[in-house]
Amino acid sequence: MKDAAQTLIDTEDEVMLRDAARGFLAEASPVSALRANRDAGRAHDPALWADMAQMGWTGVLVPETAGGADMGHRAAGILAEEMGRVLAASPFLSSAVIAATVLRQAGPAAQGALQTIAAGRATYALALDEGPKFAPAATAMQAERQGNTFRLTGTKAFVADGTTASRVLVLARTSGAAGDPEGLTLFDLDASLAGLDRQALSTIDSRDHARLVFDAVAVTGDDIIGDLDNGLVALRPGLQAGQAALAAELTGLAGGAAAITLGYLKERKQFDRTIGSFQALQHRAAHLWSEIEVTASAIANAGRVLDNAPDDAALAVSLAKARAAQTAKLAVSEAVQMHGGIGMTDAYDIGFFIKRARVGAEWLGDYGYHAAVIGAARGI
Amino acid sequence: MSDATEALAAFRADISAWIKDNCPASLLGRAFNENSIVWGGRKWSFANDDQRIWLERAVKRGLTAPRWPVEFGGGGLSRAQEKIFREEMTAAGAPPPLQSFGLWMLGPALLEFGNDAQKAEHLPKITRGEIRWCQGYSEPGAGSDLANVQTRAEDMGDHWLVSGQKIWTSYADQADWIFALVRTDRDAPKHKGISFMLMDMDTPGITTRPIRLISGKSPFCETFFDNVKVPKEQLVGELNRGWDIAKYLLTHEREMIGGGGQGLLGARSVAQIIAMQEGELLADPVLRAEAMQTEVDTLAFGLTMERYKDQAEAGRGVGNASAMLKYYGTELNKRRYELMMATAGSDGLEWDGAHGGLAPEWLRTKANSIEGGTSEVMLDIIAKRVLEMPGQ
């Protein structure tokens, strides 16, 4: 028989990880925790993050030599999926997935940074998008060079975890013009540097998103990750890891919304019948379940490919993100409709799912972006 | 590399060399369609000698039924080996040496429910392509409600006497034997009075005639049974428990139809058609977006087939989730063919035009979500058995 880590089903370790994560999150971070965070004006709960560090989740992609658990991308996807089910808010994707993946490619110099991520002491944000759509090559922000110093000037429009992160990965232009995939450089800098203004955005998902305005923020050549003018290459593994994990989160979210909805269909009575006995609703629920099943395969595959053949992961990752964005959209739309009026009320949890699904669909590339990647790869 | 990985790599090298050495060159890389299928059977004539040579060589190595036990003419391969075999067949452009309902359906049923004599009698003839089987399930009054079959088998002491009518019996006019659902107890609840019976199509009293479909000629037939005498030993499994076998086989059939397996759904890809139109239609943004969406869903569905197979291999059955594969796969296939017809434009409108038989294939796809259980029945199964939603 094949080694389970080569298949699309969970290994024994992964089954245990999933069970443990589901159990922990149900206790520590039910959807009501997101509501509490929102009502308290807090993007996420630092105590939850500390617990995640304790369990090794913050170091899921950090090598053991830097204090990480090094469980791999499939495991990171399973954690993200479970977080998605209950809408657990944390800097997990920005820090433990994207930044950790970028930094572990950066050689011995990044060892210290990886240690702080695994320990949960530092959290990262990725400052990339300058417009309303994901388009790394369109980066225009200037990094003006004077000797070994670079001065960053410009605005990053939509930065997840941007107000709470202690460090920021910034993609800026050191040569070429906007639209050129070359000439970009990736910097790792302290979020409290002079000249960096972090403006919180009040986004629909009640999480930490910020606009980062850079006014001649001074960094040095030592802060460069990867090579000068080749920042997109240094960033790509992190982006792919983040896209795959975000896709997993969205799929978990879809599953969570579908489970709540199914529970409601089995309980709510109208016309003297449980509404779940109506075939019109049964077929919609069954179709939704089918879509989630199909997407779950793309999620498992993306994790496996990132673990086993990371240099060849573009198609698998885009497939996961494209499918997940659509499936989450379907799940939350169906959830609201099948709940009826109560689904529209703030007091009921389903609204949180629809909001996070919309944000997750946009971040790191929407359906159209990733479908186009697949189309290009498949001769369409 | 682990020992297991090494062994599989060796197997791949071996089987790949075997395919190159044994599949006649004239068969390699040919477009795969209904006309290139080898079905076998008493009435079969090969389109060319190379097809016969290829079948004989594959039979010798047990590769017409790669996973069946060697004693019945199978190859005794593991699932991992079978997957490698299929991959190498695809890579070499080699066609399946034999396809048949015996391989896909009756064989698995006999392996699970048949007695030793039945296995020894029928399985080797299936693997060698000597006997061609057809399936007698649906009746005029038993479509989606399959358990309503009324074809009667009366116990006459030393034989069964079968009377009734079957419909949608694919290739019944070409087949040598039929496996059928017959009613053996008219007083029991309808699921509990059905038995699974094997009959030689040459038995006096069996007649069959083809049904023409919107796609032109079709493999479907009506088959009539008029006081047909059937030996007692041709009942498979327990008396009145045929529904269990039917359900088991329907699961197989659904996975097969849903998965586009065995060429039932057609092997064309959207990219192929686009390439044939020399990229001209790629300029249509609506069609292009639709093509990308279809490709996204097709890739994800392919991975789902793979994941379910992995699950089955790990000893956890797929069960009622096969209804999802059937539902999703057939609906997706209909979408693909709509898209291909739109891409082909007026070149696709002739019965046999620039794209070969694209139009009849497209018409034929409309049956995919009806045969083997309609999409609506599949959604019912998912709702009731997977999601455990309440009954009416």
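The values are calculated or read from the model by the stated rules, or taken from the named source; none is laboratory data. Here the structure is a predicted model, which means the values were calculated and not measured. For neighbour counting, all protein chains shown are included, and Cβ atoms are generated from backbone atoms with ideal geometry for every residue, glycine included.
Some points to look at:
- Of all residues in the stretch B:346-387 being hydroxyl-bearing (S, T, Y) and touching a residue at least 24 places away in the same chain (Cβ under 8 Å), the one that is surrounded by the fewest Cβ atoms within 10 Å (Cβ to Cβ): B:T374
- B:P390 satisfies every condition listed in (1) under 22 Å from B:E253 (Cβ atoms); (2) facing chain A (nearest Cβ under 8 Å); (3) surrounded by fewer than 22 Cβ atoms within 10 Å (Cβ to Cβ) except (1).
- Among residues of the stretch B:287-306 being small (G, A, S) and surrounded by 21 or more Cβ atoms within 10 Å (Cβ to Cβ), the one that is farthest from A:V294 (Cα to Cα) is B:A291.
Conditions (1) assigned by TED's automatic domain parsing to the domain that holds A:E27; (2) of a type outside the set (D, E); (3) under 27 Å from A:R42 (Cβ atoms); (4) surrounded by fewer than 17 Cβ atoms within 10 Å (Cβ to Cβ), marked per residue:
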{"site": "A:E130", "(1), (2), (3), (4)": "no, no, no, no"}
{"site": "A:A135", "(1), (2), (3), (4)": "no, yes, no, yes"}
{"site": "A:T139", "(1), (2), (3), (4)": "no, yes, no, no"}
{"site": "A:R145", "(1), (2), (3), (4)": "no, yes, no, yes"}
{"site": "A:T153", "(1), (2), (3), (4)": "no, yes, no, yes"}
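- Exclusive hit being surrounded by fewer than 22 Cβ atoms within 10 Å (Cβ to Cβ), more than 14 Å from every other protein chain (Cβ to nearest Cβ) and modelled with pLDDT of 95 or more, set A:G242, A:G252, A:G221, A:G238: A:G221
- Highlighted here are the helices (runs of 4 or more DSSP H) found entirely within the stretch A:40-113 that include at least 2 residues which are small (G, A, S): A:46-54, A:73-86.
- Considering the stretch B:37-59, the residues that are surrounded by 15 or more Cβ atoms within 10 Å (Cβ to Cβ) and touching a Lys or Arg at 6+ places or on another chain (Cβ under 8 Å) include one that is nearest to B:I84 (Cα to Cα), namely B:V59.
- Filtering the stretch A:20-30 to residues that are in a helix (DSSP H, G or I) and surrounded by fewer than 19 Cβ atoms within 10 Å (Cβ to Cβ) leaves A:A20, A:R22, A:G23, A:F24, A:A26, A:E27, A:A28.
- Residue satisfying all of: in the stretch B:127-164; aromatic (F, W, Y) and not in a loop (DSSP other than H, G, I, E, B); surrounded by the most Cβ atoms within 10 Å (Cβ to Cβ) among these: B:W133
- Any hit, the stretch A:69-89, residues being over 15 Å from A:L246 (Cα atoms), surrounded by fewer than 17 Cβ atoms within 10 Å (Cβ to Cβ), modelled with pLDDT of 95 or more and among the small types (G, A, S): no
- Leading residue by the ranking (surrounded by the most Cβ atoms within 10 Å (Cβ to Cβ)) among those in the stretch B:307-324 that are at pLDDT 90 or above and at the interface with chain A (Cβ under 8 Å from one of its Cβ atoms): B:M324
- Search result, residues across the stretch A:117-158 that are over 21 Å from the mean Cα position of the chain (by Cα) and assigned to a strand (DSSP E or B): A:Q142, A:A143, A:E144, A:R145, A:Q146, A:T149, A:F150, A:R151, A:L152, A:T153, A:G154, A:T155
- For the stretch A:348-380, a residue qualifies if it is within 13 Å of another protein chain (Cβ to nearest Cβ) and in a helix (DSSP H, G or I), and the qualifying residues are A:Y367, A:G368, A:Y369, A:H370, A:A371, A:A372, A:V373, A:I374, A:G375, A:A376, A:A377.
- Each residue in the stretch A:88-113 was checked for being under 22 Å from A:E27 (Cα atoms) and more than 20 Å from the chain's Cα centre (by Cα), and 0 pass.
- Filter result (in contact (Cβ under 8 Å) with a residue 60 or more places away in the chain and surrounded by fewer than 24 Cβ atoms within 10 Å (Cβ to Cβ)) within the stretch A:364-375: A:D366, A:Y369
- Tally, over the stretch A:159-178, of residues that are outside any strand (DSSP E or B), in contact with a helix residue (DSSP H, G or I) (Cβ under 6 Å, 6 or more places away or on another chain) and closer than 17 Å to A:V97 by Cβ: 1
- Of all the numbered requirements in (1) modelled with pLDDT of 95 or more; (2) at positive phi; (3) out of contact with any Ser or Thr (no Cβ under 9 Å at 6 or more places or on another chain), B:G62 misses one, and that requirement is (3).
- Test: residue in the stretch A:173-194 that is hydroxyl-bearing (S, T, Y), more than 24 Å from A:P237 (Cα to Cα) and modelled with pLDDT of 95 or more: yes
- Residues being modelled with pLDDT of 95 or more, under 19 Å from A:P181 (Cβ atoms) and of a type outside the set (G, A, S) - total across the stretch A:102-137: 8
- Residues (in a loop (DSSP other than H, G, I, E, B) and exposed (fewer than 13 other Cβ atoms within 10 Å of the Cβ)) located in the stretch B:1-36: B:M1, B:S2, B:G29, B:R30, B:A31
- All conditions but one from (1) of a type in the set (V, I, T); (2) within 30 Å of B:A383 (Cβ to Cβ); (3) not in a helix (DSSP H, G or I) apply to A:I260; the one that does not is (3).
- Condition met for B:K334 (of a type in the set (D, E, K, R), part of a helix (DSSP H, G or I), within 30 Å of A:D3 (Cα to Cα) and touching a residue at least 12 places away in the same chain (Cβ under 8 Å)): no
- Matching option when the condition is touching a residue at least 24 places away in the same chain (Cβ under 8 Å) and over 16 Å from A:T101 (Cβ atoms), among A:A286, A:A296: A:A296
- Note on the stretch B:25-51: among residues that are over 17 Å from B:P124 (Cα atoms) and either charged (D, E, K, R) or in the same structural domain as B:P360 (by TED's automatic domain parsing) (or both), the one that is modelled with the lowest pLDDT is B:E34.
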